[in-house]
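Laboratory data are not the source of any read-out in this text; all were calculated from the coordinates shown. The structure presented is a predicted model; accordingly, all values stated were derived computationally and were not measured. Virtual Cβ from ideal backbone geometry, glycine too; neighbours counted across all protein chains shown.
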Amino acid sequence: MSAHPHIAVVPGDGIGVDVTAEALKALGAASDLSGRALTFETFPWGADHYLRTGITVPADGYRSLAEHDAVLVGAFGDPRVPDSRHARDILLGARVALDLYVNHRPVRLLDERLCPLKNRSVEDVDFVVFRENTEGLYAGVGGRFKAGSDDEVAIQEEINTYKGVHRIIRHAFEHAVSVGLTKVCMADKSNAMAEGHALWQRVFREVASEYPAVKARHLYIDALALLLVQDPSAFEIIVTNNLFGDIITDLGAALQGGLGVAASGNLHPGRTSMFEPVHGSAPPLAGKNVANPVGAILSAAMMLSYLGRPEEAAVIEKAVRQAVVERHGTKDIGGVLGTRETGDYIAAVIRKT
Ligand code: NAD
Ligand code: IPM
Ligand code: MN
């Protein structure tokens, strides 16, 4: 990775703007501490930009992102764009255009008081979801016939390719080996979706057979949802398709204290990758200095780790944990601070490291 990484920053809409500012503060503090530079270029893409110009992503937009070492994103979604077309173009578009096939979403409880389940320790909630990020029901294949009439037909096809399924399942097993974990659970709905998900079954068996030291488990997605609530400690690594991964990671966010603390990376190992909090633009909270910046700050830490700077990532993570445990945070996690004050506190802890 580059000694002087160039980061594309796309704050987006609503609280995406609020939390990205705090993620940049944390990155600035970590970079000052280490003496290792980072440079940023901000892209104005979002609902305002779309409503003003009619452009969601400029013609050379994805190429501009790919010319950076990483992309840091806030969130997209605005009631003035009810069909969210700009969010699909920017976020889902970048995932596909940059071929970011791994959506890496860690679920880690930072403080047991934040878990909505009874009697759970921080060790009980610590797993990773690998969400397939470029196909499935998100492929955008389909159409509407006789739209607007009582005869309307709406079709949205799920695309599962051998290449797509194979590379995300392979990534899950490789991750297990690289970090010394021994449990991979694949979730699908092959009992009902016999065509597409039979492919997941076949590939999972095929890849699992190459990793005899890793315990491969299959669950239907509905059962996984149940078991994650009943006993999250049973899971280390979960791999699933695009839509199921979207849903199960909001459930995961709930287990760790809410959407405000959940981080993610959209990865193509070895290439420009994109980091963003799991949450959306939360329009009612936007601009009010109330959104929790922790998910965005932890996403920025994931980015530093991906850029080959794990020591700085660890400093940020430690500062976040301290802030959360000491209740120097926003209301959603039991604190009394605003977005900016939380970001200031975390940046100050980083600088004092
Ligand atoms: P949301 O994530 O914006 O909000 C869901 C709930 O979580 C709300 O109660 C909100 O107040 C709370 N919340 C979310 N982030 C928070 C934070 N940082 N601090 C404190 N509370 C937080 O999801 P939604 O309401 O379903 O969607 C709002 C808009 O965001 C929609 O346009 C949706 O399409 C979009 N969205 C975008 C992304 C993204 O850009 N990655 C993700 C999800 C939703
Ligand atoms: C997420 C979001 C997006 C998704 C939306 C905004 C399209 O919910 O990143 O989790 O469904 O992938
Ligand atoms: Mn989501």
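Dimensions of the chain along the principal axes, based on C-alpha atoms and rounded to the nearest Å, stand at 55, 51, 40, largest first.
The slack in the chain from ALA194 to ARG271, taken as 0.36 nm per residue of separation less the alpha-carbon distance, amounts to 24.3 nm. Sorting LYS183, LYS288, LYS25 from the fewest to the most surrounding beta carbons within 10 angstrom yields LYS288, LYS183, LYS25.
Between the stretch 302-326 and the stretch 194-258, the alpha-carbon centres lie 26 Å apart. The phi torsions of the stretch 114-124, fed into the Karplus equation with coefficients 6.51, -1.76 and 1.60 and a -60° offset, translate into couplings of 7, 7, x, 8, 6, 6, 10, 9, 4, 5, 6 Hz, rounded to whole numbers, with Gly and Pro shown as x.
Of LYS25/LYS331; LYS118/LYS288; LYS163/LYS183, which ones are farther than 25 Å apart at the Cα?
Correct reply: LYS118/LYS288.
Can you give the helix-only mean residue ellipticity at 222 nm for the chain, where every DSSP H stretch with n ≥ 4 adds -39500 (n - 2.57) and the sum goes over all residues, rounded to the nearest 500 deg cm²/dmol?
On the way: 11 runs with 135 residues, N = 353.
Taken over the chain, the calculation gives -12000 deg cm²/dmol.
When DSSP beta bridges are limited to those with both residues in the chain, what percentage is antiparallel, rounded to the nearest 5? It would help to have the intermediate numbers written out before the result.
Values: 19 of 45 bridges.
The answer is about 40 percent antiparallel.
Looking at the stretch 1-133, the DSSP beta bridges with both ends there are about 45 percent antiparallel.
Entry note, the stretch 205-288: relative contact order of 16 percent, from Cα contacts under 8 Å with a spacing of 6+ residues.
Ordered by the count of other Cβ atoms within 10 Å of each Cβ, fewest first, PHE204, PHE43, PHE145 give PHE145, PHE43, PHE204.
Look at CYS115, CYS185 and count the other Cβ atoms within 10 Å of each Cβ; fewest to most, that gives CYS115, CYS185. Mind telling me which of VAL102, VAL17, VAL177 comes out most flexible in a GNM of the chain, alpha-carbon contacts under 10 Å? Result: VAL177 has the largest fluctuation of those listed.
Taking every alpha-carbon pair under 8 Å whose residues sit at least 6 apart, the chain reaches a relative contact order of 24 percent. Simple spin-label estimate for ARG63 and LYS352 gives 4.9 nm between the two label positions (7 Å along the Cα-to-Cβ direction from each Cα).
Which whole-number percentage describes the relative contact order of the stretch 111-188, with Cα contacts under 8 Å and a sequence gap of 6 or more?
Details: 58 pairs, mean separation 16.8, N = 78.
Reported as a whole number, the value is 22 percent.
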